[in-house]
1. Return the residues of the range 113-133 that are within 15 Å of Glu48 (Cβ to Cβ), among the charged types (D, E, K, R) and free of Cβ contacts under 8 Å to residues at least 60 places away in the same chain; say none if nothing qualifies.
2. From the list Ala95, Ala74, which residue is free of Cβ contacts under 8 Å to residues at least 12 places away in the same chain, at positive phi and of a type outside the set (Val, Ile, Thr)?
3. Output the helices (runs of 4 or more DSSP H) that fall wholly within the range 63-140 and possess 2 or more residues being of a type in the set (Asp, Glu) and over 28 Å from Pro37 (Cα atoms), or say none.
4. Does at least one position in the range 42-64 carry a residue that is more than 22 Å from Tyr145 (Cβ to Cβ) and crowded, with 18+ Cβ neighbours inside 10 Å?
Amino acid sequence: MTRATRKYALDTQLFINGFRDPAANEALQRFHRAFAPFEYLSVVVAQELRAGVKRDRDRKALERNVLRVFERSARTFAPSVDAWHHSGDLLSDMARKEGLELGRVSKSFANDVLLALSCREGGCVLVTDNERDFQRIHRYAPFDYVKPWPGGLAR
């Protein structure tokens, strides 16, 4: 599959870095310009972004500059019922095989499991700088992911 035929979804932290750091924002904008028709937004990422907003004006900017852009172009996706069920099974497997303490699992890690599974369902390549967690998830449920930035879009 070529770059032009693949679908991509960005992990939450890449957006956050872009909001906070001008150099990261420029890399993010280069990615958007090069991949816009092939870029999708997970509602899991949208939920995490919304949860992190502290000011009304920042929420409006997020909605205008990110969320509505993807919604208008019908490029959002959500975990299916099967993904939700599989995420519970995966976490249970991790508890049995790795000693993962379910009571200590962060909401962020549980969301990463849902994100990975829904990317797999939707045929999206996840773009993330969180290799550690996604490598761990990949051992239980293979899915495609890459470091920032695919297609030679270096920072």
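1. The answer is Asp133, and nothing else.
2. None of the other options fit; the residue is Ala74.
3. Passing ranges, in order: 81-98.
4. yes
Taken together, the values in this text are just the output of simple stated rules run on the coordinates, not laboratory data. None of the values given here were measured: they were computed from a predicted structure. Neighbour counts run over all protein chains shown; Cβ positions are idealised from the backbone, glycine included.
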